[in-house]
Amino acid sequence: MKLPVHSSFDTPFMAIIEAARRAARLVAPAFPLSATVAVNPYLGHTADDLAQASAKLARSAGIRSTLNRAAFRAAQAEGRLTRADLEAALDLRPGPTLAEVEAALARDTPAPTALPTVAQLAARASGIDWPEIVAARIGVWASGYFDQGQALWPAPQGRSAYDAWRAFARHDLTPEIAGLRGFCTQAADAPDTASLALLRAAEHLGLRAEATESAAHRWLMELGGWAQVARWKLWQAELAGGSDDTLTDLLTLRMVWDAALLAQYHTEIGAEWAKVLAQHARPAVPSVDDEIDMRLQLALELSHQRKLAELFNSAAVPRAATRPELQAAFCIDVRSERYRRALESCDSRIQTLGFAGFFGLPLAHKPLGACAHEPHLPVLLTPAVDTVPDATDEASDLAQIGARATRAWGRFKLAAVSSFAFVEATGPLYLAKILRDTLGLQGNQSVEPAPQIAGLDRADRAEIAAKVLNAMGLTLEFAPVVLLVGHGAHVTNNPHHSALQCGACGGHSGEVSARALVGLLNDPAVRAALSERGISIPTDTRFLGALHDTTSDTVQIFDAPDLERGAVRRWLDQATLLARAERAATLPHAGEKGGALAARAFDWAETRPEWGLAGCAAFVAAPRDISRGRDLGGRAFLHDYDWHRDDGFGVLELILTAPVVVASWISLQYFGSVTAPTEFGAGNKLLHNVVGGFGVFEGNGQTPRTGLAWQSVHDGACLVHEPLRLSVVIRAPAAAISEILEKHPSVRALFDNGWLHLIRMDDAGQLCARYHDGGWRGLDIPKTLDLRVA
C-alpha cells in the first residue's frame, strides 16, 4: 500500500531530527525496581516555569499541573490558604488582580485535554480502538526487549530498539487482523536505520520542524513508562560518557504506526490531522486559568512558609554545653526528623547531625554472593570506590553457590513444563511458609559482614575521611560514641521496596555506606593522618555503624554487642517509642502508640507500611542548634551546615548542587503523583503486576506505571501529601549563595523558574530574605499566631 506524501513537506531533515531529540529530553527517566529512586517528572521542563510547563503538558498529555480549584477552596475553608497569602502571591507574581483570583477560585475548570494522535482520530472514524491496539502491540514487544531477568524466555539481545521492533512487527499479524492492512509489509520495507524511518514517517505524516517537538512529545507521553525506561538508558549512557538512541527509536516506531493509520484513513481524518499539526506548530501559551492556578499554588506555598518562619521565631531547645555523650549522624531524609527530635529529647547531652545518607562515600558495593558491584550513591554521581564484604573466600564462594541455587530453583518453579508438576508435588511443603508469611512472623535477619574499602592507600583514605568530616561539620567535640546511622525500610511483598530505601544510596539501605565510613574513621592510621590535617579524634571516641528502620522506627547498632545493655540502647529504645507514637496519629491501623508498626513491616497484605517521604515541604541547611527541639512534623530535610566553618563555601556548593537537587526530585515526584496521578503516579498497589523487573503494570495495562502509588499519598479518605514545591532554607550570606548559583545554571534554573523556593536564614536563625528573579528581597510573609507547620 502506497503511503500519501504531503506536497507541502519541505522541512530540512536535520531540523526534524533535532526537534525529536529535544522532545526526548522532556521525558524523565524511570529507574528499575531493583534500585528505584525518586525522579522529578518535570525534569525536562525546568527551563520553563510551572505555568509554561503546564501549558505544554496539557497539550501533550492532558495533565493538570496543580491541584484543582476544589482543593484550593478546601484549603481556604480550613484556614491553610488566606487572603493575605493570595495578596503575597500576587505581589511576587503580578498578573491577575485579587478580585479575579478570588472570583476564579469559586468556579471549577475542566481538566485539560491532550491533542489527539492519528490513532485516536482513526478510532473515531473507524470505531476500532486503535490507541489500545497500538499500546498493546508495543507493550508486548517492549516487555521482552527491556526485560532485566524476569522473563524465562528472554528476547534476543544486542539489537537496537528499532531493529528489534522491526523483527517483531514484520511477523506480528495482530494489526492486520484488527484491520490495519499491509502493516507487516510496511514494517519489513521500512528503512534500515531509525533516523531514516523517523524522517520517512514525518514526511508521510506531514510533520514540519516547527511542529515536531510538540508532536513528538505527545507521542512520547502516550508511550508513558516505556519512554521513561528508554530515557533511563540514555541517562545511564551519558553518566558513563556515552549516548543511547533507544528513546528516539521508540518515538520512531510510534510514528510509523500513526503514519500507517493515516495512510489507511486519510480520506476520513486527513483534514482534522492537519488542524492538529497546526496547533502543534504554535507555541504552547499558558491560559488565564493556568496563570491563576499558578498564583493559587504559590499562595498555598507561602502559607506554609509563613508557618515555617514563625516556627523559627520560637525558642530552640538548647543542648548541654558540655561534651556530648552521644552523637548520631542521620540521613537528611524527612523520616529522620521525627526520630532525631525524639532522641534528643531523651537527654540534653545527645547531639544529632544531618548529612546525605551515603555519607559522602562514592561507593560501588559488591554484596556477599553477588557477581557485580551496585552503586550506593546518588544517581547524579558516578562511583569512585569499590567495597566488598569482609569475608573469607570460602564464605563468598558458598554465598554465590547459594544465590545461584536460589535463582535456579525459582526458574524451575516457573518454567513452562516443570511449573505444572511443581505445584502438585511440592505445594503442601509450602504450607508452613504460607502460614508464617500470612501471620507476619519474622525470621532471623542475617547481617552481612562489614564492608571493606578496597584499593586505597593511607593518604587516599585520610583524604576521604577528612572531606566527609568537614562536610558533616564534625571536626570538634567528638562524643565517646558516634553513631553513623544509615536508613532502610523492611517491607514485604512490595515491588517498590527500593523506593523506601535511601535515595542518596541509589535505592539501597544506608548500612553499607555507614559501616564503610566507620571502618575508615576507626582506623588508627587514618586518625593519625587526620590529626596532621587538624582533625583530632579523641582516643576514647568510637565510631559505630547503625541502621534506622523507617518502617518500625528501630535503630540497629552493628558490631557493638557491649552497647546493647547501656545508656545508648536505652536512649534509642525510648526514641523509638516516642517516634512511633507520633507516626501512629497519621498511619491507618498503626495501633495504640504505634505498637503495630513493627508487625506491619512483615504483613504481605499491607499497602501502607509507612508514608515514605509524604509531606516533604522544606529543606534546611543550618546548624542543628537552630532547629533543635522545633517540631517540623517529619516534613523537612535537615542538613547540618555552618558557613563560618566553610572556607571558600565548598561545602555550601556541594549542598546546593547535590542534596538540594536530590530533595527537589523527591518533592516534585510527590507533587506530580498527587496533581497528575494518572500520568505521573503508579496507580493502585493492589493491581500491580511486575513487568520485566523494571516496572509495574496496573492490572492488565499496556505501559508501565511510574511515580508513586495512590496508597503512598492517600490514606483512603484524604491526601496525606500536600503538593508544595520545596522551600529551601539556607543559613549563609546572600552573596555566597548567588555566586554558586551563577556557577551552576541548571541549579539556578530550578529557583529562577519557581520549581524550588530559596530563602535565606540569618545568623540569629530567622528567615530574612527570598531569592526572587535573580536577586534578593525581603521575605514579606504575612503574620499569624498559629505556630504549627501546616
Which of the peptides 564-572, 115-123, 621-629 is most tightly packed, and how do the rest follow, judged by the mean count of other Cβ atoms within 10 Å per residue?
115-123, 621-629, 564-572
Computed E for A454/Q236 - FRET, C-beta separation, R0 30 angstrom, nearest 0.05
0.80
Hz values of 3J(HN,Hα) by residue in region 763-778 - Karplus curve (6.51, -1.76, 1.60), Gly and Pro given as x:
5, 7, x, 9, 6, 10, 8, 10, 6, 8, 6, x, x, 10, 9, x
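Determine the relative contact order of region 26-71: mean sequence separation of Cα pairs under 8 Å and six or more apart, normalised by residue count, in whole percent.
Contact order relative to length: 26 percent.
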Rounded to the nearest 5, what % of the DSSP beta bridges within the chain are antiparallel ones?
40 percent
Can you give the extra length, in nm with one decimal, that the chain gains between T678 and A321 once fully stretched, where that is 0.36 nm per residue apart less the Cα-Cα distance?
123.3 nm
If one compares the long axis through the Cα atoms of helix 50-61 with the longest principal axis of the Cα atoms of the chain, the angle in degrees, nearest 10, works out at 40 degrees
Using bins 10 angstrom wide from zero, how does P(r) for region 200-343 break down, in % of all Cα pairs?
9, 20, 19, 19, 15, 11, 6, 2, 0
For the table K56/K685; K366/K593; K56/K233; K56/K275; K233/K275, the rows whose alpha-carbon distance is greater than 27 Å are K56/K685; K366/K593; K233/K275
In region 102-191, which trypsin sites (Lys or Arg not before Pro) fall in coil by DSSP and have 14 or fewer other Cβ atoms within 10 Å?
R107, R159, R181
Given N residues in region 275-314, what is Rg(Cα) / (2.2 N^0.38 Å)?
2.03
At 1.4 Å probe size, with the rest of the protein present, what percent of the exposed accessible area of region 235-351 is carbon and sulfur atoms?
53 percent
In whole percent, and with a 1.4 Å probe on the protein chains, what portion of the accessible area of region 443-530 is carbon and sulfur?
52 percent
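Given a Förster distance of 51 angstrom, what is the FRET efficiency for E210 paired with R570, based on the Cβ-Cβ distance and rounded to 0.05?
Efficiency, from the Cβ-Cβ distance: 0.15.
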Between D773 and K743, what FRET efficiency comes out of the Förster formula 1/(1 + (r/R0)^6) with R0 = 25 Å and r the beta carbon distance, rounded to 0.05?
0.85
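What accessible area per residue, rounded to a whole number of Å², is obtained for the chain using a probe radius of 1.4 Å?
Working: 32390 Å² over 790 residues.
Counting only protein heavy atoms, the per-residue value for the chain is 41 Å².
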Using alpha-carbon pairs under 8 Å, 6+ residues apart, how would you state the relative contact order of the chain in percent?
18 percent
Cα-projected label distance for A106 with T586, points at 7 Å along beta-carbon direction, nm:
3.4 nm
Quick check: Cα centre of region 455-491 to Cα centre of region 558-607, how many Å?
26 Å
State the antiparallel share, in %, of DSSP beta bridges confined to region 550-707, rounding to the nearest 5.
55 percent
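Apply the Kirkwood formula to region 427-578: the hydrodynamic radius equals the inverse of the mean of 1/r over all pairs of different alpha-carbon atoms; give it in Å with one decimal.
Numbers: mean 1/r = 0.0566 Å⁻¹.
17.7 Å is the Kirkwood radius here.
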Computed curve, the chain, Cα-only Debye sum without solvent term, log₁₀ I(q)/I(0) at 0.05 Å⁻¹, is -0.28
With region 705-754 reduced to its Cα atoms and the Debye formula applied, log10 I(q)/I(0) at q = 0.13, 0.15, 0.19 1/Å amounts to -0.55, -0.64, -0.76
Using the Kirkwood radius over C-alpha pairs as Rh, can you work out the diffusion coefficient of region 657-725 via Stokes-Einstein at 25 °C, viscosity 0.890 mPa s, in µm² per second?
193 µm²/s
Carbon and sulfur %, accessible surface of region 555-680 computed with the full protein complex present, 1.4 Å
54 percent
Estimated inter-spin distance, W153 and R22, nm [label 7 Å along Cα→Cβ]:
4.5 nm
Could you run the Debye sum over the Cα atoms of region 66-206, one equal point scatterer each and no solvent, and tell me log10 of I(q)/I(0) at q = 0.09, 0.15, 0.17, 0.20 Å⁻¹, two decimals?
-0.57, -0.82, -0.97, -1.31
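The values are calculated or read from the model by the stated rules, or taken from the named source; none is laboratory data. Note that the structure is a prediction, hence the values are computed from the model and not measured. Neighbour counts are summed over all protein chains in view; Cβ atoms, including those assigned to glycine, are modelled from backbone coordinates with ideal geometry. Keep in mind that these areas ignore ligands, DNA and RNA; they rest on the heavy atoms of the full protein, side chains included. Shrake-Rupley method; radii C 1.70, N 1.55, O 1.52, S 1.80 Å.
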